[in-house]
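Colleague: Here it is, the structure, as structure tokens.
The values are calculated or read from the model by the stated rules, or taken from the named source; none is laboratory data. From a predicted model like this one, the values you see are computed outputs, not experimental measurements. No Cβ is skipped: glycine too gets one built from the backbone with ideal geometry, and neighbour counts run over all protein chains shown. The protein model used for the area step is the full one, side chains on, heavy atoms only, and it has no ligands, DNA or RNA in it. Shrake-Rupley method; radii C 1.70, N 1.55, O 1.52, S 1.80 Å.
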Amino acid sequence: MNQNTSIYFPLTNPEKVEAWGMNHYSLSQVFKPKSEKEIRELFHYANQNKIKICFRGGGCSYGDAATNNLGIVADMKEFNKILSFDDSIGVIHIESGVTIKQIWEFAIEKGYWLPVVSGTMFPTIGGALGMNIHGKNNFGVGPIGEHIIEFNFLTPSGEKIFCSKEKDKELFYSFISSFGSIGCFLDVKLKLKKIYSGKMKVTPVPVKSIEEMVKYFKENYESSDYLVGWVDAFGSGKEIGRGLIHKADNLKKDEDKNFPENCKLENQILPKRFFGLVPKSWMWLFLFPFSNNLGMRFVNFVKYKMGFISVKPYFQGHAEYAFLLDYVPNWKFIYKPGSMIQYQIFLPEENTISGMKEILSLCQKKGIVSYLAVFKRHKKDEFLFSHSVNGYSMAMDFPVTKSNKEKLWNLCYEMDEIILKNNGKFYLAKDSVLRKNIAEKIFGSKAIQTLKSLKAKYDPNSILESDMYRRIIK
Ligand SMILES: Cc1cc2nc3c(=O)[nH]c(=O)nc-3n(C[C@H](O)[C@H](O)[C@H](O)COP(=O)(O)OP(=O)(O)OC[C@H]3O[C@@H](n4cnc5c(N)ncnc54)[C@H](O)[C@@H]3O)c2cc1C
């Protein structure tokens with residue numbers, strides 16, 4: 001036992017801490033701090049004993065961003081209090097372990113929604129800032145960091161930094177996006193956005209090729225609140241990049257006669273059963289038989305064809321539209337006994353069509369096709385480890401099995417080169433495969449140097465290290 005602290009980490013009974021994609025785990029001592037004092041003690045202990053710490057929010061990063069083999073994982077779940085809310089301006093003050101789910105469930109009945117959400121509601125605000133998450137409206141509003149008013153940040157050197165864009169722009173744009181490697185977000189003030197209905201108008205648009213997909217996004221993004229495209233990665237030849245777009249728009253003030261009634265939680269929460277019968281938690285079992293190349297080719301084909309059956313706009317609740325993937329809890333289990341990775345590519349507008357065609361064809365040629373591919377539009381931002389570009393991204397889910405792992409990793413390395421030559425980017429929240437030399441080229445040696453200098457100042461013993469940090473930076 002260290003005499004200066006009540007904390008003791010013998011590492012004799014480490015827990016298995018798994019990456020969301022199940023493709024990696026660490027054996028770590030898991031500690032759940034409940035107060036700033038406990039985080040200070042944790043830092044002190046790690047500094048004294050040269051132990052590494054990695055923060056973990058909801059553990060929703062697909063790869064090794066929130067695991068720390070043979071070190072401490074500081075699980076921020078107990079930092080889960082909503083501290084205050086100013087109804088008149090929509091500013092919420094929260095501890096960093098508060099989840100997106102907690103925020104929207106708290107805010108919607110008051111007529112507010114988050115400015116940016118991920119495709120799942122389980123990330124915490126600390127994890128969301130660690131990665132600087134984006135939503136289906138990234139082209140319009142940028143990443144979550146742009147909507148943060150201020151935060152308190154505790155560093156391993158013991159400094160508590162109150163940070164806002166106005167007070168210190170450089171630190172603000174560096175702490176956000178630095179994947180937990182400089183310090184800990186303690187509490188955060190976030191500006192929510194006003195809504196005037198519990199529903200959005202959703203327009204489905206089937207598209208027959210990547211050219212049509214890009215054309216639609218280009219012509220409509222300025223007049224849309226949200227746009228997301230699903231890509232049938234099995235589509236080939238002239239139909240490469242075919243898929244289905246969902247455009248969604250908020251209703252304007254006084255447009256919805258059922259407001260605020262339809263903002264009530266019972267009208268928003270995702271149903272517990274499909275067709276009122278099948279418990280959602282069983283759904284992945286129904287999908288399981290399709291979890292192979294043939295099955296997924298079929299599922300993607302049927303989804304694509306069904307897209308043409310009804311193209312009429314409809315109304316959908318905010319949570320339903322935003323968190324589609326949460327509809328099927330544990331859907332990732334369809335990849336068992338293997339696991340999955342997501343490989344999300346970002347390409348500048350001018351290289352999108354050719355680059356994505358090259359990527360999709362290469363996957364088909366290698367016989368490893370993404371089972372689920374999602375297309376979004378983005379805009380550039382100034383954050384230190386920005387993943388965004390003025391262009392488009394495609395997030396591709398791949399199954400990982402014992403027999404395909406080596407081939408899949410080699411395919412990713414080949415795709416890395418395509419992204420590099422097209423001035424593209426990657427997103428660390430989704431990454432499992434990036435190598436140091438590629439990360440340096442993608443994020444730039446200046447960003448890596450800045451991170452290292454900030455670490456030298458605020459974390460001189462480099463106690464904040466995740467498995468990802470060691471893989472791509474150290
Ligand atoms: C189904 C699914 C859909 C997704 N869709 C999207 C999407 O549409 N857009 C998008 O951008 N992302 C998306 N993601 C990725 C997800 O939003 C990010 O990985 C996010 O960072 C997860 O937050 P978390 O709380 O789970 O953080 P974790 O995954 O636990 O941690 C993420 C990083 O933040 C650091 N961290 C955590 N808490 C703190 C803290 N308090 N202080 C400092 N650092 C901290 C960790 O060390 C780690 O480096 C999706 C993930 C899943 C599983």
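Colleague: Taking the stated definitions as given, is Met394 within 16 Å of the ligand (Cβ to nearest atom), among the aliphatic types (A, V, I, L, M) and part of a strand (DSSP E or B)?
Modeller: Judged against the criteria, Met394 is a match.
Colleague: State whether the residues of region 248-255 include one that is open to solvent by less than 30 Å² (accessible area, probe 1.4 Å), touching a Phe, Trp or Tyr at 6+ places or on another chain (Cβ under 6 Å) and assigned to a strand (DSSP E or B).
Modeller: yes
Colleague: Right, here's the next one. Being farther than 24 Å from Pro289 by Cβ and polar (S, T, N, Q) is the filter here; which residues of region 366-407 pass it?
Modeller: Residues satisfying the conditions are Ser386, Ser388, Asn390, Ser393.
Okay, residues lined up against (1) of a type in the set (Ser, Thr, Tyr); (2) modelled with pLDDT under 90:
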{"residue": "Gly243", "(1), (2)": "no, no"}
{"residue": "Glu261", "(1), (2)": "no, no"}
{"residue": "Leu265", "(1), (2)": "no, no"}
{"residue": "Trp282", "(1), (2)": "no, yes"}
{"residue": "Tyr304", "(1), (2)": "yes, no"}
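Colleague: Any residue that is open to solvent by 10 Å² or more (accessible area, probe 1.4 Å), more than 18 Å from Val214 (Cα to Cα) and part of a loop (DSSP other than H, G, I, E, B) - is there at least one of those in region 356-364?
Modeller: no
Colleague: With respect to Arg435, is the statement that it is within 14 Å of the ligand (Cβ to nearest atom), open to solvent by 10 Å² or more (accessible area, probe 1.4 Å) and farther than 25 Å from Thr120 by Cα true?
Modeller: no
Colleague: Restricted to region 11-66, and to residues that are among the small types (Gly, Ala, Ser) and more than 20 Å from the chain's Cα centre (by Cα), which residue is farthest from Phe79 (Cα to Cα)?
Modeller: Per the criteria, the residue is Ser26.
Colleague: Give the residues of region 77-104 that are crowded, with 23+ Cβ neighbours inside 10 Å and of a type in the set (Gly, Ala, Ser), sorted by residue number.
Modeller: Answer for region 77-104, where residues must be crowded, with 23+ Cβ neighbours inside 10 Å and of a type in the set (Gly, Ala, Ser): Ser96, Gly97.
Colleague: On to the next question. Please note which strands (runs of 3 or more DSSP E) are completely contained in region 15-62 and include at least 1 residues that are more than 23 Å from Val188 (Cβ to Cβ) and at pLDDT 95 or above.
Modeller: Correct list: 15-18, 25-31.
Colleague: Residues that are away from the ligand (no atom under 16 Å from the Cβ), under 30 Å from Tyr371 (Cα atoms), surrounded by fewer than 22 Cβ atoms within 10 Å (Cβ to Cβ) and among the aromatic types (Phe, Trp, Tyr): does region 195-207 have at least one?
Modeller: No, that holds for no residue.
Colleague: Which numbered condition trips up Phe375, out of (1) open to solvent by 10 Å² or more (accessible area, probe 1.4 Å); (2) touching a strand residue (DSSP E or B) at 6+ places or on another chain (Cβ under 6 Å)?
Modeller: All conditions are met except number (1).
Colleague: Another question about this same structure. Can you pull out every residue in region 404-425 that is among the basic types (Lys, Arg) and closer than 19 Å to Tyr335 by Cα?
Modeller: Matches in region 404-425: Lys405, Lys407.
Colleague: Collect the residues in region 315-350 that are buried (at least 18 other Cβ atoms within 10 Å of the Cβ), hydroxyl-bearing (Ser, Thr, Tyr) and under 20 Å from Trp284 (Cβ atoms), keeping them in residue-number order.
Modeller: If the condition is that a residue be buried (at least 18 other Cβ atoms within 10 Å of the Cβ), hydroxyl-bearing (Ser, Thr, Tyr) and under 20 Å from Trp284 (Cβ atoms), then Tyr335, Ser339 are the ones that fit.
Colleague: When Val228 is evaluated against the numbered criteria (1) under 25 Å from Leu428 (Cα atoms); (2) open to solvent by less than 10 Å² (accessible area, probe 1.4 Å); (3) not assigned by TED's automatic domain parsing to the domain that holds Phe106, which criterion, by number, is the only one it fails?
Modeller: So Val228 meets the others, but not (2).
Colleague: Limited to region 50-74, what total is found for residues that are touching a Phe, Trp or Tyr at 6+ places or on another chain (Cβ under 7 Å) and among the acidic types (Asp, Glu)?
Modeller: 0
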